[in-house]
Amino acid sequence: MINLLPGVCALITVVPAWRRFGLPFAALVLINVMVPLLAGGTLSLGRITSVLFPSFLWLSAALRPPQRTALLVAFAMLQTVLAVAFFTWRPLY
């Protein structure tokens, strides 16, 4: 389930990215998520979706500045916790 969550979040951003930025950006997100999902399952979807810039562009455009700052801090804190767990050989889930 934890590997599927980034893929679902990326797929949710396809339609808003299409409306805001156009078909090429939405197609980039859709192809980059659906091809690995259909070919190999949910393994590494977090790694695959971490570089889908149209999703992050839409998220940035949809949020107000205080919300963006809060989300940025939350992502940074979560990434720090996961990095500490990874580098100290603790299971992530």
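The values are calculated or read from the model by the stated rules, or taken from the named source; none is laboratory data. Computed from a predicted structure; not experimentally measured. Here the Cβ positions follow ideal geometry from the backbone for every residue, glycine too, while neighbour counts run over all protein chains shown.
Only one entry in VAL51, VAL33, VAL73, VAL81 is β-branched (Val, Ile, Thr), in the same structural domain as VAL15 (by TED's automatic domain parsing) and in a helix (DSSP H, G or I), namely VAL33.
From ILE2, ILE48, grab the single residue that is modelled with pLDDT under 95, on the phi < 0 side of the Ramachandran plot, out of contact with any Cys (no Cβ under 6 Å at 6 or more places or on another chain) and surrounded by 15 or more Cβ atoms within 10 Å (Cβ to Cβ). Walk me through how you get there before you give the answer.
On the way: ILE2 fails: surrounded by 15 or more Cβ atoms within 10 Å (Cβ to Cβ).
Exactly one residue qualifies, and that residue is ILE48.
Inspect the stretch 33-44 for any residue being free of Cβ contacts under 8 Å to residues at least 40 places away in the same chain and buried (at least 20 other Cβ atoms within 10 Å of the Cβ) and give the result as yes or no. So far as the stretch 33-44 goes, yes, one or more of its residues are free of Cβ contacts under 8 Å to residues at least 40 places away in the same chain and buried (at least 20 other Cβ atoms within 10 Å of the Cβ).
Residues in the stretch 57-93 that are more than 30 Å from PRO24 (Cα to Cα), surrounded by 10 or more Cβ atoms within 10 Å (Cβ to Cβ) and of a type in the set (S, T, N, Q): THR80 only.
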